[in-house]
Each structure stands twice: as structure tokens, then as C-alpha cells.
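The values are calculated or read from the model by the stated rules, or taken from the named source; none is laboratory data. Predicted model, so just to flag it, every value in this text is computed and none were measured. No Cβ is skipped: glycine too gets one built from the backbone with ideal geometry, and neighbour counts run over all protein chains shown. In case anyone asks, the SASA skips ligands and DNA or RNA and just uses the protein heavy atoms, side chains included. Shrake-Rupley method; radii C 1.70, N 1.55, O 1.52, S 1.80 Å.
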Amino acid sequence: MAYEQARDRLADGLARQYDFDRRVVEAIRAVPRHEFVPEARRDDAYADRPLPIGHDQTISAPHMVAAMADHLDLDRGETVLEIGTGCGYHAAVTAELVGGANVYSVEYVADLAADAHETLAVTGYGDIHVRQGDGREGWPANAPYDAVYLTCAAPDVPDALVEQTRTGGRVLAPVGDLAQQLVRIDVDPDGTTRERLERVRFVRMQ
């Protein structure tokens, strides 16, 4: 019960502080973040900050997960590709918005992919598709996607990810090295449109 109360406080705080779509706030409220962090970190699970999950990776701060979902403006039934599964938390939030069977996630670190698959299954998100692989290559077998996002920073958005996004779809990624910026790319019939959003700080793509 303490975790549920902490999660409610987190969601309510995000709603007050940011102009997020209500569905995004409710997705944050729905996902048990404490189940996705290492047991020793669970007392900090509902603090609005990133936490280490091993393998030099982190679980993103809840406000950043919410911001990315808000920027993507996800609708129920859309297909989404996530690059960087990590512990699976971000994928679970995305699943609340589009449906778990519509979420495809690629993780470079085999142990993280396996652990995320298990955690997602026990928390009710077992229909999310997770595989180990190089995120730069995307997951072409299930393309095209309505939306693609990266949970790790790249020097630029890999071409394969844009190519696997349908016309009318969008890609969201942290771009840069030490100085990073969230970038949204809209895939138009005649090419792409790029919009620079807020400055961010993510672990770098492996």
C-alpha cells in the first residue's frame, strides 16, 4: 500500500508541475515502478529521478518517461518501437497508452533483456515484445511503426529507425554526446521534419 500511495503522489506531482496529457499521467500512476528497480533501490522508486539498474544503465526519471510519451502523442492501437529496454519500465508505461502487444523493444545487453522480459511478465505486461539486439538496426520484421523512441543518446538518429517508421509517424531520440537534446523527427510523404525539444541527459547508446 505504501508503494501505491507513493505512486499516487508522484503522478499527482507530475500533473501539477507539467502540462502532460492526462492519459500520460495515468499511465505513470498505473505502472509499479518499484518492481522494475533493484530491490535495494525500492525505497527510492517513486522519487522523480533516474536510478541505476546495473550494467552502467539507468531507469529514467518518471518525468522524462512522461515527457517522451507526451511528445509522441501516442494513441491506443499504435505500434511503437523502443530502442533500449533497460529494466522494462518505459515500455510498460508505453503499453498503458497503446496496448502491450503493440510495443516492440530492443535491448543491447542480453542480461537486461532477459530480466526485463521476466519483470514485464510478472507485472502484467508479458505481451510486450522484447529481444536482444543492436538498436541501431531497429526491428525490421515488425515495421513500419507509428512511433519509435530511443532511451539512450546517439550522435544522430540511426537511418534504419527512420526508415522503419511509417509515413505520418514520428521518431523521438536524445541526440548528442555531452550536450544532448531531445529531437523529434516527423516522417512526411516528401521526407522528414526535425524539431529540437528540451535539453536532456541520457546514457549513451552501446
Practice prompt. For Asp56, indicate whether it is closer than 21 Å to Tyr149 by Cα and either at pLDDT below 95 or among the β-branched types (Val, Ile, Thr) (or both).
Written response: yes
Fill in: Complete set of residues in the range 14-45 that are within 15 Å of Ala67 (Cβ to Cβ), touching a residue at least 12 places away in the same chain (Cβ under 8 Å), part of a helix (DSSP H, G or I) and under 20 Å from the mean Cα position of the chain (by Cα)
Leu14, Arg23, Val24, Val25, Ala27, Ile28
Discussion item. Need pairs with beta-carbon distance below 7 Å; first residue farther than 13 Å from Asp186 by Cα and within the range 152-165, second surrounded by fewer than 22 Cβ atoms within 10 Å (Cβ to Cβ) and among the basic types (Lys, Arg); sequence gap 6+ or separate chains.
Written reply: Cys152/Arg204; Ala153/Arg204; Pro158/Arg136; Ala160/Arg136
Worksheet item: Of the residues in the range 116-134, how many are out of contact with any Cys (no Cβ under 7 Å at 6 or more places or on another chain) and either open to solvent by 70 Å² or more (accessible area, probe 1.4 Å) or not in a loop (DSSP other than H, G, I, E, B) (or both)?
Response: 10
Practice prompt. Could you please give the count of residues in the range 135-178 that are of a type in the set (Phe, Trp, Tyr) and on the phi > 0 side of the Ramachandran plot?
Written response: 0
Fill in: Selection count where residues are closer than 18 Å to Pro174 by Cα and either buried (at least 24 other Cβ atoms within 10 Å of the Cβ) or free of Cβ contacts under 8 Å to residues at least 24 places away in the same chain (or both), scope the range 90-115
5
Worksheet entry | Verdict on Arg42 being touching a Pro at 6+ places or on another chain (Cβ under 9 Å), closer than 23 Å to Val25 by Cβ and of a type in the set (D, E, K, R) | no
Discussion item. Of all residues being open to solvent by 20 Å² or more (accessible area, probe 1.4 Å) and among the small types (Gly, Ala, Ser) in the range 148-170, which is farthest from the chain's Cα centre (by Cα)? Just the residue, please.
Written reply: Gly168
Practice prompt. Quickly run through the range 7-45 and pick out the residues that are open to solvent by 20 Å² or more (accessible area, probe 1.4 Å), more than 26 Å from Arg76 (Cα to Cα) and of a type outside the set (Asp, Glu).
Written response: Pro38, Ala40, Arg41, Arg42
Discussion item. Anything in the range 176-206 that is open to solvent by 80 Å² or more (accessible area, probe 1.4 Å) and of a type in the set (Asp, Glu)? List them, or say none.
Written reply: Asp190, Glu195
Worksheet item: Within the range 65-80, is there a residue that is aliphatic (A, V, I, L, M), in contact with a Leu (Cβ under 8 Å, 6 or more places away or on another chain), within 19 Å of Leu150 (Cα to Cα) and not in a helix (DSSP H, G or I)?
Response: yes
Response to the item:
Note on Ala173: of the conditions (1) touching a Gly at 6+ places or on another chain (Cβ under 8 Å); (2) among the hydrophobic types (A, V, I, L, M, F, W, C); (3) buried (at least 22 other Cβ atoms within 10 Å of the Cβ); (4) within 22 Å of His71 (Cα to Cα), unmet is (1)
